[in-house]
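The values are calculated or read from the model by the stated rules, or taken from the named source; none is laboratory data. Fair warning: this is a prediction, and the values are worked out from it, not measured in the lab. Methodologically, a virtual Cβ is constructed for each residue, glycine included, from the backbone with ideal geometry; neighbour enumeration extends over all protein chains shown. Surface accessibility is based on the protein's heavy atoms, side chains included, excluding ligands, DNA and RNA. Shrake-Rupley method; radii C 1.70, N 1.55, O 1.52, S 1.80 Å.
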Amino acid sequence: MKKKSIFSTWKNDLPASLVVYLVALPLCLGVAFASTDVDGVDGMPNIFSGIIAGFVGGIVVGALSGSRLGVSGPAAGLITIVAGALATLGSFEGLILAVFLSGLIQLIAGYLKLGVIGHYFPSSVIKGMLAAIGLTLILKEIPHILGYDKEPMGDMDINHADGHNTFSDILYAYEHFTMGAVIIGILSLGILILFERPFMKRIALFKYLPGALFVVVTGIVINQLFGWYAPELQLTGEHLVLLPIAKSFDEVIHIFNTPDFSLLSNPNVYIIAFTLAIVGSLESLLSVEATDKLDPMKNVTPTNRELKAQGVGNMVSGLIGGLPITQVIVRSSANINSGAKSKLSAITHGVILIISVLLIPGVLNMIPLASLGAILLMVGYKLAKVSLFKSMYKLGWEQFLPFIVTIGVVLATDLLKGIGAGMIVAIFFILRKNYKNDYNRKVIQEGEKEVIHISLSEEVTFLNKGSIIQTLDNLPENSKVVLDGSKCQDINYDVLEAIEEFRQFNAIQKNIELSTINIPVVKLTGH
């Protein structure tokens, strides 16, 4: 069967790329601002570093990745690491050197086939991560819709450096709301909800032009009308996109920075590079797993290829002055929900991003943050629908508890700690199940005497050792026992040793007649 070209689905991919672009623009700027706003480091000229990472993530990683619908760019989860790296190295050129080296490490990891790690995260934890990101987006965007724009868009940290947090920001937003932003935000949400209605898809114009585009255009137009007819409602300054404008070709060239390779002798560069590579790779692999679950076609992304693509992307981003890149679930979910069919959407969004920033920055600076906040809030809602919580609850505690713990810890701390907490709970249930299902015990009547027949499961690992020892210790005195390993494909040595110890010591002491079937005899050491 002939493989389809990515251009065969352009009617779906181009509208989706516009939505991803409108989601990515504020996130790129917000992540860059939050990452480079470090005392003692000249960060403002590097506000474009987020844009650079965005278009490299779209074009370079998008082209090389095997992910059908995943979108890469600067990651909010790396803000703390990047800010710490800037403070440690004291220069942006040192940071992007570490970004370049982190990409090289990821590329090597891809060739070493370490991407398989991504397949070992339980579905319940991945879904918890998605819901937590969705809830975080909703909480983060409420202040922007109300016109309280003290925190940059794109910063996903719940706790802020100034001692405030996302929840206190919502309270401040209600106390200090901006009426013009509220009007634009509510209208923007109304438009997005309207575009979700099935009848809108039957109108030719709205079938290919996304609701997010109308939200932005409407926001700009209404804010201009405010300026003419109700100046007290007009949004200015921090309530709008604030993108530095390059006034000449020389200033455009100055946007791009190159690494300071003289810092290769600084051991801190390598420590930061490895940290970025490990955390960035983990976030990318988690996003790949999550994106594949959201994909209507259930595409399975080759994880080793993804590591290679992320590695090349970070090398390119570092060489030209961009922030570190990961696959990002916010952009990817926006891409999927907008009907994208191929990687053309991710690539095109990168092209639109760099062209618009260079050619029409003045127009972009007219976009109200309330409009962009409404778009991101809707993305968050689709990630954290009530139906997801209901379906996970119906699956039982084994699935629901890791899911809900992941959400709670992510909201209380950060993404990786939440994933770690969810994994611990999921592993607990795995161990508990393993502990219970290592054997089958039944009593068989042989004449006048009862025989206890213990049949071991197919795989008996060291995790089963405790329950088997407990079962053997609880056997009644003077009993006849058959220990059957005929179903076993593998029995761990620790378990075999425990059985042999019981045969030679406890069974004799309790006058138990023990016979075994297909269980190897091991020589005890130290006796």
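Taking 17 Å as the straight-line reach from the Cα of Lys343, the aspartates and glutamates in range (excluding those fewer than 8 positions away in the same chain) are Asp13, Glu289, Asp292, Asp295, Glu306.
Between the beta carbons of Val451 and Ser387, assuming R0 = 56 Å, the FRET efficiency works out to 0.60 to the nearest 0.05. The H on the amide N of Val328, modeled in the peptide plane, is under 5 Å from the matching H of Val71, Ser72, Gly73, each at least 5 residues off or on a different chain.
Along segment 483-496 the Karplus relation, 6.51 cos²θ - 1.76 cosθ + 1.60 evaluated at θ = phi - 60°, assigns HN-Hα couplings of 9, 9, x, 5, 8, 6, 8, 7, 10, 4, 4, 4, 6, 4 Hz to successive residues, with x for each Gly and Pro. Label-to-label distance for Val217 and Thr461 is 5.6 nm, based on points extended 7 Å past Cα in the beta-carbon direction.
When you filter the trypsin sites (Lys or Arg not before Pro) in segment 443-527 for DSSP loop state and at most 16 other Cβ atoms inside 10 Å of their Cβ, you are left with Lys487, Lys510, Lys523. Sites count as exposed loop sites when they are GluC sites (Glu not before Pro), lie in a DSSP loop, and have at most 15 other Cβ atoms within 10 angstrom; the longest stretch of the chain without one is 197-447.
Along the positive direction of the dipole of the chain (beta-carbon charges: Lys, Arg +1; Asp, Glu -1; about the Cα centre), which of Thr348, Ile51, Thr236 reaches farthest? So the residue we want is Thr348.
Across segment 293-308, coupling constants 3J(HN,Hα) worked out from phi with the 6.51/-1.76/1.60 Karplus curve, θ = phi - 60°, read 6, 7, 4, x, 8, 6, 4, 9, 7, x, 5, 5, 5, 5, 4, 5 Hz, and Gly and Pro carry x.
Just to confirm, what accessible area per residue do you get for the chain at 1.4 Å probe, in whole Å²? Walk me through the numbers on the way to the answer.
Values: 24190 Å² over 527 residues.
Value returned for the chain: 46 Å² of accessible area per residue.
Peptides 410-422, 316-328 ranked from most to least packed give 316-328, 410-422, packing being the mean of other C-beta atoms within 10 angstrom over each peptide's residues.
Only loop residues by DSSP count here, and only those with at most 15 other Cβ atoms within 10 Å; note down the chymotrypsin sites (Phe, Trp or Tyr not before Pro) in segment 250-359 that meet that. Don't jump to the answer; show the numbers that get you there.
On the way: sites: Phe256, Phe261, Tyr270, Phe274; in loops: Phe256.
Sparse-neighbourhood loop chymotrypsin sites (Phe, Trp or Tyr not before Pro): Phe256.
Here the extension length gained between Phe261 and Lys480 equals 71.3 nm, from 0.36 nm per residue of separation less the Cα-Cα distance. Solvent-accessible area of the chain (1.4 angstrom probe, protein heavy atoms only): carbon and sulfur portion equals 63 percent. Shown is the FRET efficiency for Lys113 and Tyr229, computed with R0 = 60 Å from the Cβ-Cβ distance and rounded to the nearest 0.05: 0.45.
For segment 215-356, the spread of Cα positions along the three principal axes, ordered from largest to smallest, is 57, 47, 25 Å. Given R0 = 51 Å, the distance between the Cβ atoms of Leu171 and Ile430 translates into a calculated FRET efficiency of 0.80. Taking segment 438-465 and a reference point 7 angstrom along Cα→Cβ of Leu524, no backbone N atom is nearer than 16 Å.
The HN-Hα couplings worked out from phi for segment 254-270 by the Karplus form 6.51 cos²θ - 1.76 cosθ + 1.60 (θ = phi - 60°) are 5, 4, 8, 10, 10, x, 8, 6, 5, 7, 4, 7, 8, x, 4, 4, 6 Hz, whole numbers, x standing for Gly and Pro. Here the label points at Val300 and Phe199, each 7 Å from Cα along the C-beta direction, are separated by 4.4 nm in the simple model.
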